[in-house]
Each structure stands twice: as structure tokens, then as C-alpha cells.
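Structure first, then comments.
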Amino acid sequence: MARPRVRVLALAAVLLLGVATFSRSKRRSGEEPPRSSPIPAQFSQEERVAMKESLKGAVQIPTVSFSPKEFNTTAFAEFGEYIHRVFPTVFQRSFIQHEVVGEYSHLFTVQGSDPSLQPYMLLAHIDVVPAPVQGWEVPPFSGLERDGFIHGRGTLDNKNSVMAILQALELLLIRNYIPRRSFFIALGHDEELSGANGAQKIAALLQARGVQLAFIVDEGGFILDGFIPSLKKPFAMVSVSEKGSLNLMLQVNMTPGHSSAPPKETTIGILAAAVSRLEQIPIPNMYGSGPLKMTLQQLASEFSFPINIVFNNLWLFGPLVNRLMERDDIARTLVRTTTAVTMFEAGVKVNVIPPLAQATVNFRIHPTQTTQEVLKLAKDIVADDRVQFHVLDATEPMPVSPSDDQALGYQLIRQTVQSVFPEVRVVVPGICIGQTDSRHYTNLTNSIYRFSPIYLQPQEFHSIHGINEKISVQVYETQVKFIFEFIQNADTDQDPVSHVHEL
Ligand SMILES: *[C@@H]1O[C@H](CO)[C@@H](O)[C@H](O)[C@H]1NC(C)=O
Ligand SMILES: *[C@@H]1O[C@H](CO)[C@@H](O)[C@H](O)[C@H]1NC(C)=O
């Protein structure tokens, strides 16, 4: 996940409030019970050891995204050689094509035996955010195993997924698996920066080839455990949208003057007032629109009395839920576009009225608003012609992907969750509040699901981009198992929109 990305946790917010939980998702009427995978996900002792050793080796290669210019090319090249070495079968099969894109990103095209089935794509990224060594229990690039956990930067975000996808495929191939449905695996190398050289180039390449995908699965959702105090059971949250982002620079210019004869208002005073207004007057609350309502309703039946009553009757209790959510820093992110003043610069000398003051504001855009709407709202809130607005960059929120009975990708995730995590009763759609590489692929599909099949507890959430990031060996094995089954489940004949009844 990228940046200060609390992404996964949209729901978490709700949980923190002590309010939310969700409802058991109903099985589609007439749906068959999940079939067990034709090749069972049973791995030998040697395979299980090799599996975790491969992840440790991947963590030890410091593929850090510092900035677009500061970039350890040795590490990224080494990572490419490393996956060749630990997953030899993936690179040997004639029906798998491997391409390096943008120098360090990897694209695998796995040709299925049935060309009538629309292909899908699995996404992950090999770069990680920096990890200054202070505060870590073990060095962040050691990949050390301790107390059943593999420690290190990238063990949750997102080398676990990179390695688990290739590992699951390797294990399937060793068992002579040949997919029916084609799929792609795209591993970006600059997700933590922008994806401009990785994901964006892969997407453009596939678009040029005329590829259309049934769906994409990327990071950005988890099985949430313990986020909602009144909800004891874990639930799976599949993010069906992703907030947008707008970085705005505010500037005030003036002729410089001496501090002995100051004007009534200085650049600093004017800008400070503008910034203060943006903090005091938030962008309007969007509760009631977007995927959140669906999330809450589907969680309702998981709660006990009286909370279930609240969630089953949002027409009545909506304002109450909204007020509770507004009070919590994480929950609030789900109901509105957030405003964060992140930089403020002015002044050069103690006795000079500064000619220029500038500030940067980062807005995270709610799925039902656009960056243009937010820009206009911000100008109206500031309401001062002396303040100039410059858009530094803008990313629209992602369209909401379908999560209904006909949504193939969503239903395959649900089916595989039910099989691999029988204790998880509910799968709900959610919003990712961070950004993922998947946003570069919107031309290829309208069905993008952000979900990692791993348990996440609140303290682990903070380790992502923080300190002491780690994954338990058992959780990682289960992630491999999930993908191993998911790939086989995707061989189903069912197609997303083929539910039109023919007479
Ligand atoms: C760059 O990566 C290589 C290994 O891939 C590593 O040995 C080296 O220490 C890294 N350099 C820096 C400055 O991190
Ligand atoms: C989608 O395709 C259009 C037309 O080719 C292109 O201009 C646009 O940049 C693409 N969008 C993305 C997100 O790649």
C-alpha cells in the first residue's frame, strides 16, 4: 500500500467506534457449495520450509523506493534474478511468458487452455518504503525468523504477495497444473512512489495489445480481526473503491518590506488565515453515498443486540452512526474528503516582511466526489483572492467495482475465503483509503478488488510503513494456500455478465 495509508482500514474505523460489525453474506440462491480444488493445497515439509526461506530471501534484498531519482538499481536487478532462482518452473513452462517492463517490473502472461474464458490479473509490488533501523526489534532487512514470525520491511506490504503469488504458481506447476483461464501476474517496482514506471507502463502495454480483463485482485483489504470492539469474529473486507488524492499549493505574494513599517496583513498572516479556514471548515460530509452503506448493512447481522438494530435501520440511525464516525480519526476518513495541511513555508530573515508564503494541502477524495469539486470547495472556503491555488497533482477516486452475485472476481474471492478461512463468516465490500497500483488499470476492467488473504490486527496495521513489520509463518503459508486455490477456482466457466437468460 502506498503512503500514510491506512488503506485497509476503512472499516477499521467503524470498528474502533465500537459500533460496526457485519452480516453473514448470503450464499447466492441455487449456488452450489464451494467445490474443493482439484489439486489439494497440501504442501510437504520441505516445500513449507522452502516457502518461508524464499520469503526471507526476498525481504533481504533492499528494494526501497526513496524517490524517483534515489533508487538502488542493484537491488531491483537482484530481485529479478532472485525470482528466477527460487521459482524456476514458472520461468520454464512454455505457456508462461515473462517480460520485464520499465526495467524492473515484471509481467507474466499465463496462457490458459480455454481461450473463451476472459483472463484476469493478480497484482503486487516489489518495492518497499524506507525503514530507518531505529526502533526495530530486528534489522528491517534481515528477514529474521523469531517466535514464528518473519520480520522485516515488506513482509506485509507487499513482498508477501509478490512471493505468495509466484510460490502458489510454482507449486501448482510442479503438480502439472495447466490453467483453463488465462491470467496475468503484474509486479510493479515503484508503487510506493507513483507506479509511473511500473504499473502504468504495464497497463499501457496491455491496453495496446487489446487486453480486457474479467477482474483484477490487488492489495488493499484484509481479514480484519479485533478492529471493532463489539465484534469478536474476524471478517473479510474486499475494497471495491479507493479514495482519490489532490495536492494543492496555496501561495500569497506581496512586495517585500521592512519589518519596521509593516503592512496590516503580511503574506504569512493571509496564508495562515486561509489554511486555518480549511482546517476549521471541512469538505462536506458524504455519509449515505458510496460503498459505506453497503458495508454497514452487510455487517449488521453479525452484531448482537442492540447494535444490529442500528445497522439494520440506517434510514433511522444513519445520522447517529455518522456522528459517531465523525468523532474517530480513522472512521471519519470513510465519510468525507479529508483535509491535511502538510507543508508551510515563509520568511527569510527576522526583519523582512516575506514576499512569498506557501503551503501544501493534501486532500483525500471521497469516492462520490471529484478533484474538481474539491478544488472549487476549497476556493470557496478560503474565499480570498489574494491566495493563489496551484494543483500539484490530482488522482480521481476509483470507480466502485461490482460486488453483486454476478461479479465473478468478487464471488471467487468470497468462495475462496469460505474454503480457506471457514471461521470467517462474512465478506463485505469496503473502501481503501490509501492508493494502490490497481488505479492504473481502470481501462482494462471495471472490476478491481483490493484484498490480501491475511489476518490483520490493529497493531499490525500500524507496522505497515511503521516499525516491526512482520508476518507469521503460518499466515504466509495460508496466503500461499489461498492463491493456490484461487487460481484453480478461477478456472470456472462462469463469466461475469453471462447471466442473461436465453430462451
Ligand atoms: C543496494 O542493494 C544491494 C543488494 O541488492 C545492497 O547490497 C546494497 O547495500 C544496497 N545499497 C544501499 C545504499 O542500500
Ligand atoms: C485510458 O486510455 C486512454 C485512451 O487511450 C488514455 O488517454 C488514458 O491515459 C488511459 N487511462 C489510464 C488510467 O491508463
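The values are calculated or read from the model by the stated rules, or taken from the named source; none is laboratory data. Just so it is clear, the model here is predicted, and its values are computed rather than measured. Heads up, the Cβs are rebuilt from the backbone with ideal geometry, glycines too, and the neighbour counts pull from every protein chain shown. Surface accessibility is based on the protein's heavy atoms, side chains included, excluding ligands, DNA and RNA. Shrake-Rupley method; radii C 1.70, N 1.55, O 1.52, S 1.80 Å.
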The condition of being more than 28 Å from residue 190 (Cα to Cα) and among the hydroxyl-bearing types (Ser, Thr, Tyr) holds, among 442, 416, 395, only for 416
Strands (runs of 3 or more DSSP E) contained in the stretch 195-289 and holding at least 3 residues away from ligand 2 (no atom under 16 Å from the Cβ) and open to solvent by less than 30 Å² (accessible area, probe 1.4 Å)
235-242, 244-253
Give the residues of the stretch 285-313 that are free of Cβ contacts under 8 Å to residues at least 40 places away in the same chain and under 24 Å from residue 449 (Cβ atoms), sorted by residue number.
288, 293
Test for residue 400: is it among the β-branched types (Val, Ile, Thr), more than 16 Å from ligand 1 (Cβ to nearest atom) and crowded, with 20+ Cβ neighbours inside 10 Å:
no
Quick one: is residue 83 more than 14 Å from residue 185 (Cβ to Cβ), away from ligand 1 (no atom under 13 Å from the Cβ), not in a loop (DSSP other than H, G, I, E, B) and not hydroxyl-bearing (Ser, Thr, Tyr)?
no
Listed residues 58, 41; which is more than 9 Å from ligand 1 (Cβ to nearest atom), part of a loop (DSSP other than H, G, I, E, B) and either buried (at least 17 other Cβ atoms within 10 Å of the Cβ) or not assigned by TED's automatic domain parsing to the domain that holds residue 168 (or both)?
41
Check the stretch 280-296 and report whether any residue there is within 26 Å of residue 444 (Cα to Cα), in contact with a Lys or Arg (Cβ under 9 Å, 6 or more places away or on another chain) and among the aliphatic types (A, V, I, L, M).
no
Residues that are of a type in the set (Phe, Trp, Tyr), over 25 Å from residue 76 (Cα atoms) and open to solvent by less than 10 Å² (accessible area, probe 1.4 Å): does the stretch 172-192 have at least one?
no
Give the residue that is surrounded by the most Cβ atoms within 10 Å (Cβ to Cβ), with candidates limited to residues of the stretch 290-341 that are of a type in the set (A, V, I, L, M, F, W, C) and not in a helix (DSSP H, G or I).
303
Tell me, please, whether a residue that is in the same structural domain as residue 201 (by TED's automatic domain parsing), within 16 Å of ligand 2 (Cβ to nearest atom) and hydroxyl-bearing (Ser, Thr, Tyr) can be found in the stretch 88-101.
no
Filter result for residue 416 (open to solvent by less than 10 Å² (accessible area, probe 1.4 Å) and among the polar types (S, T, N, Q)):
yes
